[in-house]
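Here is the structure we will look at, set down as structure tokens.
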């Protein structure tokens, strides 16, 4: 039998049980029909608890309970946004870790290809679902490419997908990260390119892919190699791509300078990059594909 001296230390438990006992008796009966309810078992094992319960309800009215509930509601209103922010920060960190692994895979690729960036002759290599294949052997995730296309026939590894990207799974074959077109086109080509060149390559110079070497990257700490297509982590309304929200994909939207995305830089570091921190492309939007001066340029504005 429990020691009555425990009554004081267990008062909080008694209060909680009292509330449940007096306000949820019907639920107890429904869940334990024809048998002993948990409260009955407790009182049988610890008679002192019955005294505690009776004492609590003598000295506390329903208004006291409502006051406690109101306090809990206030605490929830304070804590829930904090918890949501912590959860979002954790997802941002997971996303950055994904880009770190992609950066390591690119570095391993370069070790086998004379310090050159991935280039398989595909003008649309900058698409996430395309550029994963040249580095797939170095990611060691076992994803297989479907015959006759760029989709995966097996697997959807998390390393290629940002946990806060709402569209990757259904729109981009479970890939969230894009690869800079300036790493497989020359600076002279990039100087003439537009959005049209990226999404609908048709001219001979747009179809020609020219391998670029790490030695051509003069500012690796500020040249983006790969980043998220969407501003999945920081956005005023909904996540947007490099070119903002527009009814015509070939014309940048007015919101292209909002939000932030994780970016992988040439020196291997990853950070959350705000659109306003990036160097404007020739069409005035933040796009690592069309960096002024190509691989030899910088994607970050001067401080």
Practice prompt. Quick one: in segment 185-220, of everything that is exposed (fewer than 13 other Cβ atoms within 10 Å of the Cβ) and out of contact with any helix residue (DSSP H, G or I) (no Cβ under 9 Å at 6 or more places or on another chain), which residue is modelled with the highest pLDDT?
Written response: 215
Item to complete: Scan segment 127-139 and give yes if some residue there is part of a loop (DSSP other than H, G, I, E, B), surrounded by 13 or more Cβ atoms within 10 Å (Cβ to Cβ) and touching a helix residue (DSSP H, G or I) at 6+ places or on another chain (Cβ under 6 Å), otherwise no.
Response: no
Worksheet, complete the sentence: Within segment 231-269, residues being at pLDDT 90 or above, touching a helix residue (DSSP H, G or I) at 6+ places or on another chain (Cβ under 8 Å) and assigned to a loop (DSSP other than H, G, I, E, B) number 9
Discussion item. Residue 147 - would you say it is surrounded by fewer than 20 Cβ atoms within 10 Å (Cβ to Cβ), without any contact (Cβ under 8 Å) to a residue 40 or more places away in the chain and over 23 Å from residue 242 (Cα atoms)?
Written reply: yes
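The values are calculated or read from the model by the stated rules, or taken from the named source; none is laboratory data. For clarity, every value in this text was computed on a predicted model and none was experimentally measured. Please note: Cβ atoms are built from the backbone with ideal geometry, for glycine as well, and neighbour counts cover all protein chains shown.
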